[in-house]
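Written below as structure tokens is the structure these notes are about.
The values are calculated or read from the model by the stated rules, or taken from the named source; none is laboratory data. All of these numbers come straight from a predicted model, not from anything done at the bench. Note that we place each Cβ from the backbone using ideal geometry, even for glycine, and neighbour counts take in every protein chain shown.
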Amino acid sequence: MKKLSLYIILFFLLAQVNVYSQKTAGKDQFTFQVQNEEGDLNKDKRNDRVIVEMDLKDETRPLRLQIFLSQPNKKLQLVVSSTKIIESEYPIEKKGEHNGNNIPDFVIEDGNLKMLTDINNWKSIYEFRLTQNNFELIKISRVSWDGKNTTTEVKIDLLAKTKVEFQQEIGSDKILNRKSQKLKINSLPKIQDLSFSDLEKY
């Protein structure tokens, strides 16, 4: 009888520890909201939501992108959650130094999601389209200014599989040093699979 009582007590103690550990593990550390963008992404004439949040407890200050789509019941459903696509504010490899870049902005425009970055003097726009609850990267445009009179632009169309690079003098429509190439793309990258370093490789 004593053994049975001991087993019952141990069972309840272990159960309590398990519940506590689940609560601790499941607690959301991304508590600081950086951006909250609303607009229609799934073309149902109801607002969807894009949220960027930061974990202030982690010394690297990681960021998380979440995308919620409206459902027929008028509720929002989480379809994308990524901590890879935005670089941490203080990456481990920088040893306490800031990454030197602004946190990207997310804009909903013409039914597509656009990510605007300013990294290493390149201002870039990454455009994603929604296909079966997946956000596929379809276009990239970049521009850099030399600090004087010339801009360098890069336009990548992943649907057409083309990359065009050219230069322009400020105030002129004339295209200089135009280069174009065909890209080998087997499938369109999905936003949840991409890291910030993947984006910079294009």
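The residue pairs whose first member lies in the stretch 174-189 and is within 30 Å of residue 133 (Cα to Cα) and without any contact (Cβ under 8 Å) to a residue 24 or more places away in the chain, whose second member is surrounded by 10 or more Cβ atoms within 10 Å (Cβ to Cβ) and of a type outside the set (A, V, I, L, M, F, W, C), and whose beta carbons are closer than 9 Å, counting only pairs six or more residues apart or on different chains, are 182/161; 182/162; 182/163; 184/161; 187/136. Screening the candidates 117, 150, 131, 162 for the property of being β-branched (Val, Ile, Thr) and within 16 Å of the chain's Cα centre (by Cα) yields one hit, 117. When the stretch 162-176 is filtered for residues that are surrounded by fewer than 13 Cβ atoms within 10 Å (Cβ to Cβ) and modelled with pLDDT of 95 or more, nothing remains. Identification of strands (runs of 3 or more DSSP E) wholly contained in the stretch 1-74 with 2 or more residues that are within 28 Å of residue 195 (Cβ to Cβ) and either at pLDDT below 95 or of a type in the set (D, E, K, R) (or both) yields 30-39, 48-55. Please determine whether any residue of the stretch 92-100 is basic (Lys, Arg) and on the phi > 0 side of the Ramachandran plot. Yes. Scanning the stretch 180-202 for residues that are out of contact with any Asp or Glu (no Cβ under 8 Å at 6 or more places or on another chain), surrounded by 12 or more Cβ atoms within 10 Å (Cβ to Cβ) and part of a loop (DSSP other than H, G, I, E, B) gives 183, 185, 194, 195, 202.
Across the stretch 120-150, the number of residues qualifying as under 23 Å from residue 103 (Cα atoms) and among the hydroxyl-bearing types (Ser, Thr, Tyr) comes to 4.
Condition check ((1) touching a helix residue (DSSP H, G or I) at 6+ places or on another chain (Cβ under 7 Å); (2) in contact (Cβ under 8 Å) with a residue 24 or more places away in the chain; (3) farther than 13 Å from residue 103 by Cβ) across all residues:
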site: 45; (1), (2), (3): no, no, yes
site: 52; (1), (2), (3): no, yes, no
site: 61; (1), (2), (3): no, yes, no
site: 71; (1), (2), (3): no, no, yes
site: 75; (1), (2), (3): no, no, yes
site: 79; (1), (2), (3): no, yes, yes
site: 85; (1), (2), (3): yes, yes, no
